[in-house]
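Beneath this line is the structure, given in structure tokens, with notes to follow.
Every number in this text was worked out from the coordinates using simple rules, so none of it is lab data. The model shown is predicted, which means the values in this text are computed figures rather than measured ones. Reconstructed Cβ throughout: ideal geometry from the backbone, glycine too, with neighbour counts over all protein chains shown.
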Amino acid sequence: MVKRNGSDIKILQKPNQLKIVYSNTHTEQNLTVYYRLRDNSFVSYWVERLIAAKQLYPIDDPCRFYGIGDNELENSINKINSCIQTINSHRHIIKRSVTNPIDVDTLNYLHNIFEVYHGLLDKQTHEFYTSAPGHVKKSLADLNILIHRCESCIRGSKPRQVVTYFGLPKEKTLLPEHYELLTPYYKFGTVYLNYVEIGKTLEDLAIDNDQYIGEEAFQPYQHYSADFAIMFYDRDSKDVDTVKQKMIQFYQQNKNFFYKRKLSLDNFKLRPGRIPIADLDSHGKELLQLLKDKQFVKSVDLI
């Protein structure tokens, strides 16, 4: 039960679980899965955002699953090049296309195009964007998602699911205490807060070896929304150590950039990982197999 107070939602009854109904759109067979909410200092903030999102906006892409289906890379490359054609039909701003095998520098180049012409979070003021018709704006937004999908494929495309509500304003910011909850050790079936900034964290820049770092390329975790990701794999200590070493190396190579922003390597805003929200409560690792033919999110609820 909730009560609206201005732009915020006051939660009158604390939910215990996140309920997601997955579906096969061809056979209309449903799979209901429950995730138990964690008892940490951030969960209530996220719950408030999810309730606000559900009242006003649909899920952006109910089929946003990674590392589960077939031909993911080939399909993503084709969609990226289609987006490029649509964007260039408005104005020819993109000078490259994507081929297989993928050139990572091209993906970083394209992400920089997205950052510059789309604009910062909830601040789409670039003349290209404001003058573009709706289908071009959508292609610019899709370009960002598809770039990250290709990056995921290159790294082995770990199985996961992402749910976003693009329309919900990203006006809420994390408190210092929330950064203490960030963990780089992902667990199968755990729900994590999704990154909503326009840009990349130090972890992302380091993993991608992104050489297009600029004023808007680096955006540490600051804002949060209802968006979340569910990992269907475990990230062990060996993987985490590799990521941390890449972060140290990237920081040292670009230390003047970070010094100007008064960000030392141990600054809490540079920590890797995500904030956990909930854990799988109704299935085990067999869920991954069950999802192979049910990659459509029919509904998301708090109970």
Check: Pairs LYS54/LYS269; LYS170/LYS246; LYS170/LYS200; LYS95/LYS170; LYS170/LYS269: which are spaced more than 20 Å apart, C-alpha to C-alpha?
Finding: LYS54/LYS269; LYS170/LYS246; LYS95/LYS170
Item checked: Average Cα contact separation per residue, region 69-157, under 8 Å, 6 or more apart, as relative contact order % -> 39 percent
Next item on the list: Report, in debye and to the nearest 20, how large the dipole of region 24-66 comes out about its Cα centre when Lys and Arg carry +1 and Asp and Glu carry -1 on their Cβ.
Entry: 140 debye
Item checked: For the chain, calculated [θ]222 nm from helices alone, where every DSSP H run of n ≥ 4 adds -39500 (n - 2.57) -> -11000 deg cm²/dmol
Next item on the list: For LYS172, enumerate residues with amide H under 5 Å from its amide H, sequence gap 5+ or separate chain, H modeled in the peptide plane.
Entry: TYR224
Checklist line | By average C-beta atoms within 10 angstrom, highest first, the peptides 81-91, 201-211 | finding: 201-211, 81-91
Notebook entry, point to check: Too long at a 31 Å Cα-Cα cut-off: which of LYS138/LYS285; LYS123/LYS285; LYS14/LYS172; LYS14/LYS123?
Noted result: LYS138/LYS285; LYS123/LYS285; LYS14/LYS123
Item checked: Potential lengthening between ASP70 and PHE166 on full extension [0.36 nm per residue; Cα-Cα distance subtracted] -> 31.9 nm
Item checked: Cα gyration tensor category, rounded, prolate or oblate, for the chain with a/c compared to 1.5 -> rounded
Check: Taking the Cα-to-Cβ direction at ASN81 and at GLN55 and moving 7 Å from each Cα, how far apart do the two end points lie in nm?
Finding: 4.6 nm
Next item on the list: Could you work out how far apart the two model spin labels at ARG155 and VAL243 are, taking each label as a point 7 Å from the Cα in the direction of the beta carbon, and quote it in nm?
Entry: 0.7 nm
Next item on the list: Can you tell me the dipole magnitude for the chain around its Cα centre, using point charges on the Cβ only (Lys, Arg +1; Asp, Glu -1), in Debye to the nearest 20?
Entry: 480 debye
Checklist line | Segment ASN16-GLN253, length gained on full extension (0.36 nm per residue, minus Cα span) | finding: 80.8 nm
Next item on the list: Compute the relative contact order of the chain as a whole-number percentage, counting only Cα pairs closer than 8 Å that sit 6 or more residues apart in sequence.
Entry: 30 percent
